[in-house]
């Protein structure tokens, strides 16, 4: 099952926190009916009590004071950095707070299942998604990309949020029935006609619509396939399709983090595939200015932006969601963004990679073996 393609939407690309954070805070400040938030930062925490979290909490409390229905969904593990004081402030201030799949004594597989989606929906009218979290690294240390969404597809984001809020795996003070009265704005905008979009999501190895959609686009692309992801440990089928596309003359590029990285082990695990991809003609770029945490893909006129990394963890365990857009204008903006980021990156050449030192090869083998072990745990 995939999301439904819907016409007459408007999508605005918001590269870097300096653009999407002010827009998100402005939207929350203008909310009159409802604010839905679902967030998680996989490595350590979702919402560590810092400057950005404090500012978001204040914005949510002010909205609740105005009579706005505020619903905050946090992952049970990812939100462990949220202080008990801030949690109490949210709950006593009228924010409905629920946690997805708190850690427990049930099966290991269930504990590994995490909600990695990132979403803000205001008044059922405007939505934001991307790879963002509410931690201070997004203020100045990490490069991120988000998209602002208007139009009929926003209702699909609301439905996705509501299904999880009402599920048996969520716990907390926010009543499940809150989602039954949420309003959505479905009216298309004539001036946005032609901007097609759909929501796609994943639920670990049980449902991988995001991966299947990307693989189909890679197989059908005629001109270019450009992928940006912070954690690149692709499945065999994706590696094969990328190599096949490059061999048939498609411009295939992957944009990945360089030395600035919050998880070097994942980087080494993914680097063991560099040689085979380079030999097939895939171009690999490592971003130099800072850690690039963004997750967006481009295949001809198709774009996908959201929470999903192309590593085994995201594909085998996490709940993920992406916004797909099929629009020439939007694809052109994303292509320009890729080009700017390529110029700020170091291209890994086939010749240079073949001469990498033995210690590098050892790290690739070690972390690649650990990644393989985690993959088989499912």
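The values are calculated or read from the model by the stated rules, or taken from the named source; none is laboratory data. Here the structure is a predicted model, which is why all the values come from computation and not from measurement. Every residue, glycine among them, receives a Cβ derived from its backbone with ideal geometry; neighbour counts consider all protein chains shown.
Within the range 130-143, being surrounded by fewer than 24 Cβ atoms within 10 Å (Cβ to Cβ) and either outside the structural domain of residue 170 (by TED's automatic domain parsing) or touching a strand residue (DSSP E or B) at 6+ places or on another chain (Cβ under 6 Å) (or both) holds for one residue alone: 143. For the range 128-171, how many residues are touching a helix residue (DSSP H, G or I) at 6+ places or on another chain (Cβ under 6 Å) and without any contact (Cβ under 8 Å) to a residue 40 or more places away in the chain? Qualifying residue count for the region: 2. Each residue in the range 1-15 was checked for being modelled with pLDDT under 90 and assigned by TED's automatic domain parsing to the domain that holds residue 95, and 0 pass.
In summary, residue 183 fulfils each of the numbered conditions (1) surrounded by fewer than 21 Cβ atoms within 10 Å (Cβ to Cβ); (2) at pLDDT 90 or above; (3) not assigned by TED's automatic domain parsing to the domain that holds residue 350 with the single exception of condition (2).
Please pick out the residue among 35, 121 that is modelled with pLDDT of 95 or more, buried (at least 16 other Cβ atoms within 10 Å of the Cβ), under 20 Å from the mean Cα position of the chain (by Cα) and more than 30 Å from residue 335 (Cα to Cα).
Values: 121 fails: more than 30 Å from residue 335 (Cα to Cα).
Only one candidate qualifies: 35.
Tell me, please, whether a residue that is over 22 Å from residue 176 (Cα atoms) and at pLDDT below 95 can be found in the range 89-96. Among the residues of the range 89-96, not one is over 22 Å from residue 176 (Cα atoms) and at pLDDT below 95, which makes the answer no. Residues that are modelled with pLDDT under 95 and either farther than 26 Å from residue 291 by Cβ or outside the structural domain of residue 345 (by TED's automatic domain parsing) (or both) were ranked within the range 217-250; the one that is surrounded by the fewest Cβ atoms within 10 Å (Cβ to Cβ) is 236.
To keep it simple, each residue is scored yes or no on (1) touching a helix residue (DSSP H, G or I) at 6+ places or on another chain (Cβ under 6 Å); (2) assigned by TED's automatic domain parsing to the domain that holds residue 161; (3) surrounded by fewer than 16 Cβ atoms within 10 Å (Cβ to Cβ); (4) farther than 25 Å from residue 120 by Cα.
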position	(1), (2), (3), (4)
303	yes, no, no, no
318	no, no, no, no
327	no, no, no, no
331	no, no, no, no
334	no, no, no, no
345	no, no, no, yes
356	no, no, yes, yes
359	no, no, yes, yes
365	no, no, yes, yes
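For residue 147, indicate whether it is within 27 Å of residue 17 (Cα to Cα) and either surrounded by fewer than 24 Cβ atoms within 10 Å (Cβ to Cβ) or more than 15 Å from the chain's Cα centre (by Cα) (or both). Answer is no for this residue.
Of the candidates 218, 233, the single residue that is touching a helix residue (DSSP H, G or I) at 6+ places or on another chain (Cβ under 8 Å) and more than 20 Å from residue 328 (Cβ to Cβ) is 233. Considering each residue of the range 74-88 in turn, at least one proves to be farther than 24 Å from residue 307 by Cα and at pLDDT below 80.
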